[in-house]
Amino acid sequence: MRMSSVVYGIWLISVAAVAGAQSGVSKATIPGIVNFGYIDNTVSCAGAVSPAALAEVKKLGYASVINLRLATEPGAQIDASADAAKAAGLQFIHLPFNASSPDPMLVDKFIAAVTDPRNQPAFIHCASANRAAALWMVKRMVIDGWDAERASTEAGALGMTSPALKTYAIEQAQTRRVRRP
């Protein structure tokens, strides 16, 4: 019985590694950052971040922090994060994302922020990486012209696990889809 558990564990790790490789997403452990996933030097999506970890984000080469947490979330520390980002030389963009009642302009503000060359590469985070990856999925579909399946696979590897956020991302992308020749 124990051997089959070990084999299952190895299989599960292999499946996760293949899914990550297929999506182009890599994962890393960084002190003070939950669920850190990145795509080359283009973007990173993560969960909760301690203000002290933002100096490391700058050392990794990121130009901006796009914080999607609500100020009312436990441990959000918006003001301390803004101060730490500024001290580290990072642009700090706060776009509060209430998943149960999103601001109608949130997606447009996010796309404007993440596509602004001054903010690239961008470090995007919320509490778990769910909201961060969902908004990145919208960007992939609207700006990069990806289909929902490809964008969803990447978003899943970055940390999106919520079916409701996947649906939200697809709906938001469909209302903004850029027509390509």
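Can you give the relative contact order of region 24-63 as a percent, counting alpha carbon pairs under 8 Å and 6+ residues apart? Worked out over region 24-63, it gives 31 percent.
Considering all C-alpha pairs of the chain, those separated by over 24 Å amount to 36%.
For Ala173, neighbours were defined as the other residues whose beta-carbon sits under 9 Å from its Cβ, and their charges (Lys and Arg +1, Asp and Glu -1) total +3. Remark: relative contact order (the chain) = 24 percent; criterion is Cα-Cα distance under 8 angstrom and separation of 6 or more residues. Accessible surface calculations at 1.4 Å, restricted to protein heavy atoms, place the chain at 52 Å² per residue.
Once the Cβ-Cβ distance of Ala80 and Ile170 is raised to the sixth power relative to R0 = 30 Å, the FRET efficiency obtained is 0.30. Using a cutoff of 8 angstrom between alpha carbon atoms and counting only pairs six or more residues apart, the relative contact order for region 120-181 works out to 41 percent.
Estimated purely from DSSP H runs of n ≥ 4, each contributing -39500 (n - 2.57), the mean residue ellipticity at 222 nm for the chain is -15000 deg cm²/dmol once divided by its residues.
Between Ala99 and Leu70, full extension at 0.36 nm per residue minus the direct alpha carbon distance yields a gain of 9.4 nm.
Within the accessible area of the chain, what % is carbon and sulfur when the probe is 1.4 Å and the other protein chains stay in place? That share works out to 58 percent.
The values are calculated or read from the model by the stated rules, or taken from the named source; none is laboratory data. Note that this is a predicted model, so its numbers are computed, not measured. Cβ: placed from backbone, ideal geometry, glycine included. Neighbour counts: every protein chain shown. SASA here: full protein model, heavy atoms, side chains in, ligands and nucleic acids out. Shrake-Rupley method; radii C 1.70, N 1.55, O 1.52, S 1.80 Å.
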